[in-house]
Every structure is written in C-alpha cells, then in structure tokens.
1. State all residues of the stretch 66-108 that are surrounded by fewer than 18 Cβ atoms within 10 Å (Cβ to Cβ) and among the aromatic types (Phe, Trp, Tyr); if no residue qualifies, say none.
2. Kindly indicate whether residue 142 is acidic (Asp, Glu), in contact with a Lys or Arg (Cβ under 7 Å, 6 or more places away or on another chain), open to solvent by 20 Å² or more (accessible area, probe 1.4 Å) and in contact (Cβ under 8 Å) with a residue 24 or more places away in the chain.
3. Quick check, is residue 57 in contact with an Asp or Glu (Cβ under 7 Å, 6 or more places away or on another chain), among the aromatic types (Phe, Trp, Tyr) and not in a loop (DSSP other than H, G, I, E, B)?
4. Look at residue 156 and say whether it is open to solvent by less than 50 Å² (accessible area, probe 1.4 Å) and under 27 Å from residue 32 (Cα atoms).
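The values are calculated or read from the model by the stated rules, or taken from the named source; none is laboratory data. Values in this document were obtained by computation on a predicted structure and should not be read as measured data. All Cβ positions, even for glycine, are placed from backbone atoms using ideal geometry, and neighbour counts span all protein chains on display. Each accessible area value is taken on the protein alone, full model and side chains, heavy atoms only, with ligands, DNA and RNA left out. Shrake-Rupley method; radii C 1.70, N 1.55, O 1.52, S 1.80 Å.
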Amino acid sequence: MAEELLLDTTLTKAEQYRQLLPQIEALTTGEPDLIANLANTAAALRQAFGFFWVGFYLVKDDELVLGPFQGPIACTRIRKGKGVCGSSWAQAATLLVPDVEQFPGHIACSSESKSEIVVPVLKDGVVVAVLDVDSDQLNDFDHADQQALEHLMKLAATWF
Ligand code: SME
C-alpha cells in the first residue's frame with residue numbers, strides 16, 4: 001500500500017474523516033502487530049488534523065498504561081476512574097471535554113492541552129484501551145469527531 005496519506009484539507013472535517021478512515025484501514029489490514037497498527041493510527045490522525053496529542057492507553061491489570069502516541073511526552077499510568085481517560089474506561093463511553101479545566105480530576109499532562117476526546121476500544125464488551133486526542137484549542141471536538149473515532153475504534157478492536 002502507498003505510504004503516503006491522501007489528505008484534502010479543503011473538505012469538511014466529516015469528509016476528511018471519510019477520506020482518512022479507509023486509508024487507515026488499508027494501512028492496517030493484514031498487519032497482525034497491535035503496536036504497529038496503533039502507532040500508525042495515532043500518526044495518521046495527527047498528520048491529518050494536526051492535533052496536539054494523539055495516543056492510546058492500554059488496559060493492563062488495574063491501570064491504563066501509555067501506548068503508541070504522537071506528541072509531547074505524557075503521563076505513563078492512569079488509574080480507573082481518574083482523569084478523562086480513566087473515566088472513559090470506567091464508563092465504557094466516549095467523553096467529549098470542551099474545556100479540560102472544567103473537567104473534575106482532569107490529568108494535565110501538558111498545560112497546552114485545552115480540549116479533549118477519549119474513545120474506548122471495546123473488545124467483546126470489555127474496554128481494552130482508550131484513544132485520547134488532545135487539542136490546544138478550546139472546544140475543538142464535536143459529534144463528527146465522536147462518530148468517526150468511534151467507528152475507527154471498532155476497527156481497532158479487531159487488532160486486540
Ligand atoms: N488528560 C488525560 C491524560 C492523558 S494526557 O492528556 C495525554 C486525562 O485526563 O485522562
């Protein structure tokens with residue numbers, strides 16, 4: 001497969017996701033290595049949208065542990081129910097946070113992160129990882145991100 005992403009930034013965000021997702025699918029199809037697929041997914045999302053931080057936390061025993069990511073260094077371990085990531089894990093639900101300072105218990109890995117979306121990866125109904133996307137702009141995520149990223153995390157679930 002081509003190792004360059006086709007990205008048309010004149011499209012709407014929803015259209016850009018529609019252009020990007022099949023490319024991530026092509027990039028990961030036939031590749032059995034979980035880390036390779038998570039790494040390319042994080043890279044593709046950051047390359048396409050220029051997010052401040054994109055990465056995965058993997059459920060290991062009773063904690064989330066930092067997995068493949070793109071962006072500045074980040075907290076390594078997050079406990080269940082803590083921060084946005086730990087809350088998404090505990091609730092097995094996507095959390096959209098327009099202003100991280102308004103989220104009780106938000107874990108600030110960087111003061112530049114202003115808004116955030118966290119989407120769980122569910123395998124047979126159990127959370128095995130979460131995707132965390134951070135923006136340096138307030139209110140940067142909406143239903144279009146949620147819908148596309150939830151769709152993408154259904155694909156990601158097949159890698160586990
Ligand atoms: N802000 C997250 C922690 C992870 S970093 O943003 C990369 C949280 O509150 O769970």
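1. 103
2. In short, no.
3. Working: in contact with an Asp or Glu (Cβ under 7 Å, 6 or more places away or on another chain): yes; among the aromatic types (Phe, Trp, Tyr): yes; not in a loop (DSSP other than H, G, I, E, B): yes.
Here the answer is yes, as residue 57 does meet what is asked.
4. Considered against the rule, which asks whether it is open to solvent by less than 50 Å² (accessible area, probe 1.4 Å) and under 27 Å from residue 32 (Cα atoms), residue 156 comes out as yes.
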